[in-house]
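Structure first, commentary second.
The values are calculated or read from the model by the stated rules, or taken from the named source; none is laboratory data. Just so it is clear, the structure is predicted and the values come from calculations on it, not from any experiment. FYI the Cβ positions are ideal-geometry reconstructions off the backbone, even for glycines, and counts take in every protein chain you see. When the accessible area is computed, the model is the full protein with side chains, heavy atoms only, and any ligands, DNA or RNA have been set aside. Shrake-Rupley method; radii C 1.70, N 1.55, O 1.52, S 1.80 Å.
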Amino acid sequence: MITRSPRGPRQLRVVAVTAIAVLLGSTAMASPGRATTPFDSDCADTTDALAVELCLARAATATTDDPGLGVDEIDSSPNLRQIANLPKPAPFDTESALNSDLAFQGRYAFVGNYNGFVIYDIFNPRKPRLVSQVLCVGAQNDISVHGDLLFLSTDSSRSDDSCASTSQSAGIKESWEGIKIFDIRDKSNPRYIKSVETNCGSHTHTLVPGKDRRTVYLYVSSYSPSASFPDCQPPHDLISIVKVPVKKPTDAALVATPVLFPEGGNPGGNGSSTTSGCHDITAYPQKDLAAGACMGDGVLLDIADREAPRVIHQVRDTTNFAFWHSATFNNSGTKVVFTDELGGGGAATCNPTIGLERGANAVYDITGKGASRTLVFRSYFKIPRTNGPTENCVAHNGSLIPVLGRDIMVQAWYQGGVSVWDFTDSARPVEIAYWERGPVSDTRMVTGGPWSTYYYNGYIYSSDIQKGLDVLEIRDWRTASAKLVRLPELNVQTQSWYLSW
């Protein structure tokens, strides 16, 4: 079933309340020198406490002018500040070696890069240190971890599956793309142990734990087939599923290629992408759900059978969405935020010309039960700041902040910086904090800014494409309860459940 989005815009609880009270005075407000919108008169007309809060926060962080930041100049709301930065290490420090996604395990952060990946010790978030780096060229090197294993996506056609491979046309049958697996028991010396080739490579992958705890699955997303590519033939309306036995990962293998769009995906046109695969999938294993951002379509999936995911509902927005890029559930599994990567992440789309509904997030409620669940559009959200013509800016990767009783996430916007926003009211999302750098260059477009920005065990970590690893700290009563939630491991596209009320 396809629907079209409308046009337009206990003990733990006691501890949480105590924590919130400590930080009660730290609320979001505009930084000096930034233009703000006047107090929304609607706020004065309601007795709903949450509605008043959201109105006040909207007025506090909204801006109407170009911040006019100089190259690398930093600006932020008072409740969000940078506490550390580690520049990209050589040989990952060139302009073409883009930092990509992030994963976490215990005291370690893993950062993907088009040239390989880097492991950082973040035991002291204010003083992160480099532990090791692996040179293994193969864009994007999307990354996830599970126990002693690290998984890396290769979505560039290579001469072979080794880390010493060279670029080679996808028109050559022997060319390779897919998943690489590393043993990371020794964080100072990761070992490459296995590869699995997948159709059209692996742009991204999503780790889904098997129900027997002895297996993990990788849902591999890829797209852009061509009749001239032997291993990437159209219509490519599928995903690839790799099964990995945890205790014998060298037996990892492709076990299924389920077709998600048997009746066809979005044909494209009118600014909307043609669907020929998925860009990213976010799984919520505890609820047997997944949300797929699939170029021209958004889908809700039942993943109770890990090897045979099934589409429950399919939605399309041909008015404002150009490229369905990624997805985030709220903790209760009753909402999904989809992102639109307008311009492919390489264009300046945060400005009045593009507006606030394109290159934005779309908030959907999940209604109904079981196989009758549907995605219902509620609103768009986009950062309320104007960025300059040399700043690529669009909605990109973010994560839920595990606060109690609210739906709040932190998100990367490339050179639009980092935004923390509240979508508890699906119809009226609002930004509550932000942090950003000025342009990488004020004379030419350089792909830069945060690629992925995630909350992990008390701090916000941001993988900046050019500037390396940033660590931020948020001090706001609305997010204070998140300090109570500790995770042993975090792959954001494998969404974790946490205790709430």
Mind counting the residues in region 94-113 that are of a type in the set (Phe, Trp, Tyr) and surrounded by 20 or more Cβ atoms within 10 Å (Cβ to Cβ)?
-> 2
Just give me the residues in region 427-438 being open to solvent by 10 Å² or more (accessible area, probe 1.4 Å) and closer than 23 Å to Asn397 by Cβ, in sequence order.
-> Pro429, Arg437
Condition set open to solvent by less than 40 Å² (accessible area, probe 1.4 Å) and assigned to a strand (DSSP E or B), scope region 129-138, selection farthest from Tyr108 (Cα to Cα): answer is Val134
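Residues checked against (1) open to solvent by 20 Å² or more (accessible area, probe 1.4 Å); (2) more than 23 Å from Asn387 (Cα to Cα):
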position	(1), (2)
Ser77	no, no
Arg81	yes, no
Ala84	no, yes
Ala90	yes, yes
Ile119	no, yes
Lys127	yes, yes
His146	yes, yes
Would you mention how many residues in region 246-260 are hydrophobic (A, V, I, L, M, F, W, C), open to solvent by 30 Å² or more (accessible area, probe 1.4 Å) and under 26 Å from Phe323 (Cα atoms)?
-> 1
Is there a residue in region 263-270 that is open to solvent by less than 30 Å² (accessible area, probe 1.4 Å), in contact with a Leu (Cβ under 9 Å, 6 or more places away or on another chain) and not in a helix (DSSP H, G or I)?
-> no
Here are Leu499, Leu469: which of them is open to solvent by less than 10 Å² (accessible area, probe 1.4 Å) and not small (Gly, Ala, Ser)?
-> Leu469
In the list Asp280, Asp305, Asp297, which residue meets the criterion of being within 24 Å of the chain's Cα centre (by Cα), acidic (Asp, Glu) and closer than 27 Å to Lys194 by Cα?
-> Asp280
Can you tell me which residues in region 334-357 are open to solvent by 10 Å² or more (accessible area, probe 1.4 Å) and more than 29 Å from Gly68 (Cα to Cα)?
-> Thr334, Lys335
All but one of (1) buried (at least 23 other Cβ atoms within 10 Å of the Cβ); (2) part of a loop (DSSP other than H, G, I, E, B) hold for Gly178, so report the exception by its number.
-> (2)
